[in-house]
Amino acid sequence: MTSLLCKLFIKESENTKKSTVRRAYGTLASVVGIILNILLAAVKMLVGVLTSSISVTADAVNNLSDAGSQVVSLISFKISAKPADRDHPFGHARIEYVASMIVSFIILTIGFELFRSSLEKVFDPEPTKLGILPALILVLSVAVKLWIAIFNRKIGKRINSSVIKATAVDSLSDALATTAVLVSMIISHLTGFVTDGYMGMIVSVFIFVAGIKILAETKNSILGSAPDDETVSEISRVTLEYPEILGIHDMIVHNYGAGNTIASLHAEVDGTENVFVTHDVIDNIEKRLYTELGVRATIHMDPIVVDDERVNALRGTVSELVKQIDERLTIHDFRFVEGNTHSNLIFDVSAPFELKMSDDEIKRRISDALSKINPCFFAVITVDRQ
């Protein structure tokens with residue numbers, strides 16, 4: 001069904017990197033969500049009135065809020081498609097993160113209000129009525145919400161949209177919430193014990209948890225999160241395909257919204273090669289990264305000594321030494337400056353954030369190990385947290 005809708009309403013649906021195609025996907029997901037949620041809200045509101053159920057009525061209000069969230073999503077896609085300007089040189093794609101945060105606040109507000117009203121029903125319960133028609137309507141509602149969740153999840157993955165992924169999570173929690181409402185009505189009908197208020201509280205917890213998850217994910221996107229492994233792997237793969245590149249390090253990836261990724265990295269090259277030839281290779285790599293991955297990369301050349309046996313041996317020794325301290329440590333930008341009284345070994349050490357050892361402790365342990373190899377060795381170390 002998802003593929004059929006996309007083919008019917010979206011031209012060039014396979015070209016998801018194109019801004020107009022991406023906006024069309026967002027518009028389709030939002031419009032479908034608005035229509036279905038308004039229909040569900042109207043039907044559930046009627047069922048809630050007929051059955052005197054606070055949880056059904058609250059679920060209807062939740063669907064109405066979902067329609068409002070989809071309106072926010074629709075507006076965000078319109079804004080995110082705007083081209084870069086003087087005030088926003090990296091474009092407007094990050095507005096989706098703001099929209100996701102607005103959606104999360106709407107969900108949290110609904111969850112809080114539902115919890116409050118359900119708590120009142122616990123202390124002042126009213127019997128609910130269960131009929132075949134209301135039950136069928138709630139079952140249909142669960143099916144529709146599950147379809148909306150799957151639909152949004154597929155589109156969210158296809159165009160890498162945080163706001164649509166948030167909508168998918170919200171729809172899934174709604175399906176669980178409606179299931180809880182239906183179970184409540186069945187229990188009340190069979191036992192005579194009014195569980196409406198309790199189930200309303202359970203529904204509110206589902207809604208609240210969904211809101212918190214969306215807020216946490218959006219917060220990371222706005223603050224700046226680590227790039228995904230696939231992006232890093234693909235950048236590394238393309239760069240290291242060129243034999244002139246001996247190694248890469250200090251990669252930094254900035255995400256300014258889907259389809260707008262900026263990266264910088266250092267590439268180690270043979271220092272004896274013609275600088276114009278090497279620069280041409282770097283240019284070609286930058287062009288490929290943009291053409292194939294959509295990544296605007298800036299690559300810094302780091303010339304290293306490759307034809308000095310002593311320097312190469314020392315580099316290998318230091319590399320093995322740091323791995324004995326922690327196997328996750330690596331070195332780069334290695335230089336050797338020999339003097340009369342002492343010799344400087346200058347290099348950077350890449351350490352993961354997960355390594356609890358402080359930068360000063362890393363430097364001290366490496367320096368002590370080097371001095372045991374040769375008391376005249378003096379280490380000048382820069383620690384990079386990768």
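What follows draws every value from the coordinates through simple rules; no lab data is involved. Predicted model, so just to flag it, every value in this text is computed and none were measured. We place every Cβ from the backbone using ideal geometry, glycine too, and count neighbours over all the protein chains shown.
This model, with +1 at the C-beta of Lys and Arg and -1 at the C-beta of Asp and Glu, gives segment 254-382 a dipole about its Cα centre of some 380 debye. Rounded if a/c is under 1.5, else prolate if a/b is larger than b/c, else oblate: which is segment 2-223, with a ≥ b ≥ c the root eigenvalues of its Cα gyration tensor? Judged from the Cα gyration tensor, segment 2-223 comes out prolate (a/c at least 1.5, a/b above b/c).
Helical content alone sets the calculated 222 nm signal of the chain at -22500 deg cm²/dmol, taking -39,500 (n - 2.57) per DSSP H segment of four or more residues and averaging over every residue. Quick one: net charge around His266, please, counting Lys, Arg +1 and Asp, Glu -1 for every other residue with C-beta under 9 Å from its C-beta. Here the charged neighbours net out to -4.
Between Asp308 and Val277, what FRET efficiency comes out of the Förster formula 1/(1 + (r/R0)^6) with R0 = 22 Å and r the beta carbon distance, rounded to 0.05? In this case the efficiency is close to 0.55.
Here the Karplus relation 6.51 cos²θ - 1.76 cosθ + 1.60, evaluated at θ = phi - 60°, turns the backbone of segment 37-48 into coupling constants of 5, 5, 4, 5, 4, 5, 5, 5, 4, 5, 5, x Hz, with x for every Gly and Pro.
Helix 359-373 against the longest principal axis of the chain: what's the angle in degrees, Cα atoms only, rounded to the nearest 10? Between the helix axis and the principal axis of the chain, the angle is about 30 degrees.
The DSSP beta bridges internal to segment 261-377 are antiparallel in roughly 35% of cases.
Across all C-alpha atoms in segment 289-386, the radius of gyration and Dmax reach 15.6, 52 Å.
Sort Val169, Val32 so the one with the fewest other Cβ atoms within 10 Å of its own Cβ comes first.
Values: Val169 22, Val32 19.
By the 10 Å Cβ count, ascending, the order reads Val32, Val169.
The residues Tyr290, Tyr198, when put in order of fewest to most other Cβ atoms within 10 Å, stand as Tyr290, Tyr198. Charging the Cβ of each Asp and Glu at -1 and of each Lys and Arg at +1, and nothing else, the dipole of the chain about its Cα centre rounds to 1840 debye. Put one equal scatterer on each alpha carbon of segment 235-303, apply the Debye formula with no solvent term, and list log10 I(q)/I(0) at q = 0.20, 0.22 1/Å to two decimals. The Debye formula, applied to the Cα set alone, gives -0.75, -0.89. Helix 229-240 versus the longest principal axis of the chain: what angle, 0 to 90°, nearest 10, using Cα atoms? So the helix axis and the longest Cα principal axis differ by about 30 degrees.
3J(HN,Hα) couplings calculated from phi for segment 202-212 with the Karplus curve 6.51 cos²θ - 1.76 cosθ + 1.60 (θ = phi - 60°) are, in sequence order, 5, 4, 4, 5, 4, 5, 5, 4, 4, x, 5 Hz; Gly and Pro show x.
Which pairs break 32 Å Cα to Cα here: Lys82/Lys157; Lys157/Lys363; Lys121/Lys219; Lys18/Lys213?
Values: Lys82/Lys157 22 Å; Lys157/Lys363 43 Å; Lys121/Lys219 34 Å; Lys18/Lys213 29 Å.
Flagged as over cut-off: Lys157/Lys363; Lys121/Lys219.
Look at the dipole of the chain built from charges on Cβ: of Leu133, Ile212, Trp147, the Cα furthest out on the positive end belongs to Leu133. Using alpha carbons only, the radius of gyration of the chain set against its Kirkwood radius gives Rg/Rh = 1.16. Counting neighbouring beta carbons within 10 Å and listing from fewest to most, the residues Lys82, Lys213 come out as Lys82, Lys213.
Where both residues lie in the chain, what percent of DSSP beta bridges are antiparallel, nearest 5? Around 40 percent of the beta bridges assigned by DSSP in the chain are antiparallel ones.
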